[in-house]
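So the structure is just underneath, and the comments pick up after that.
Readers should treat all values here as calculations from the given coordinates under stated rules, not as data from a laboratory. Just so it is clear, the structure is predicted and the values come from calculations on it, not from any experiment. All Cβ positions, glycine included, derive from the backbone under ideal geometry; neighbour counts span all protein chains shown.
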Amino acid sequence: MNKPASRKPSPERTLSTLSDSRRAKRQSNGARRLLRVHELLLDHYGTPTWRNPLPPIDELVSTILSQNTNDTNRDRAFDALRAKFPTWEAVRDAPAAQVVEAIRPAGLANQKGPRIQAVLRAITAERGALELEFLKTLPVEEARAWLTKFNGVGPKTAAIVLLFSLKRSAFPVDTHVHRVTGRLGLRPEKMSADECHAYFESLLPPETYSAAHLNIIRHGREVCHARNPECERCVLKQVCAYYRNGRTSSK
Ligand code: SF4
């Protein structure tokens, strides 16, 4: 009887299997470390609650207003807009100058005003009304792609609307989350904030997204400042690459 031909794997196949297994190992280490950070922050700060949850269109407008400003100015602009116009349809159809005037407290009003009106018009044109509830029924990736096709709606804005208004599995990455996770060594050093959304979603269980996002932001604001992080009083210092490497001053 003939001996069966040997099934020795090709060198390419061996390399790809090896790199797949290394990637999987790295991924599981990353998931474990990220979960550990999440648990330490939960112990320290408790379970956070999102500010008054807003309907999806409100959240979308509020998040566009929040770009390059702080929460106080965002809320002042949002409240002024709602006080001036009774509905989002009225904001959509208003003269641009009136919208710009109302949202001045948020800064960059000349850019944000037309952008908000353009998004409201585009949603109306596609859906026949100002509604985003249909995104609850789409696969998350399709919902994200639908939102981010509009000018001014990036991955962070889309993830905030999806997570907090529509209760979908999306992990928002803002400047604090990007900075803190970079220092902790929880992501590849050169990974952009936009790329981090999918990366962290692949590492964390969806039920942790909201609390992990909010607690990391809080930590970034209160302890791991952009300049001069307060490493000595930080509850994460034992798991932090930045601290371990002795870089306790500003980076
Ligand atoms: S140890 Fe320092 S750098 Fe690391 S997370 Fe804490 S404050 Fe940030």
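Apply the a/c threshold of 1.5 to the C-alpha gyration tensor of segment 45-156 and tell me whether it is rounded, prolate or oblate.
oblate
Distance cut-off 27 Å, Cα to Cα: go down the list Lys149/Lys190; Lys84/Lys112; Lys112/Lys237 and report the pairs above it. Don't skip to the answer; put the middle values down first.
Values: Lys149/Lys190 25 Å; Lys84/Lys112 16 Å; Lys112/Lys237 39 Å.
Among Lys149/Lys190; Lys84/Lys112; Lys112/Lys237, the Cα-Cα distance tops 27 Å for Lys112/Lys237.
Sorting check: for 117-124, 232-239, 214-221, which peptide has the highest mean count of neighbouring beta carbons within 10 Å, and how do the rest follow?
Numbers: 117-124: 17.9, 232-239: 14.8, 214-221: 20.5.
Packing order, densest peptide first, comes out as 214-221, 117-124, 232-239.
Determine the shape class of the chain: with a ≥ b ≥ c the square roots of the Cα gyration tensor eigenvalues, call it rounded for a/c under 1.5, and otherwise prolate if a/b is greater than b/c, oblate otherwise. Can you show the working numbers first?
Numbers: a/c = 2.63, a/b = 1.48, b/c = 1.78.
Oblate shape, in that a/c is at least 1.5 and b/c is the bigger or equal ratio.
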List the GluC sites (Glu not before Pro) in segment 163-213 that DSSP assigns to loop (not H, G, I, E or B) and whose Cβ has at most 11 other Cβ atoms within 10 Å. Which are they?
Glu189
Give, as a single signed number, the net charge of other residues whose beta carbon lies under 13 Å from the beta carbon of Arg168, with Lys and Arg counted +1 and Asp and Glu -1.
-3
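Within 11 Å, Cβ to Cβ, of Val61, how many net charges do the neighbouring residues add up to if Lys/Arg are +1 and Asp/Glu are -1? Intermediate values should be presented prior to the final figure.
Numbers: positive: Arg74, Arg82, Arg92, Lys112, Arg115; negative: Asp58, Glu59.
Result for the neighbourhood of Val61: +3.
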Relative contact order of the chain: what whole-number percent is it, with Cα pairs under 8 angstrom and at least 6 residues apart?
21 percent
Sort the following peptides by mean Cβ neighbour count (other Cβ atoms within 10 Å, averaged over residues), highest first: 79-89, 162-172, 140-150, 102-112.
162-172, 102-112, 140-150, 79-89
Which FRET efficiency value, to the nearest 0.05, is calculated for Glu232 and Arg32 with the Förster distance at 25 angstrom and r the Cβ-Cβ distance?
0.45
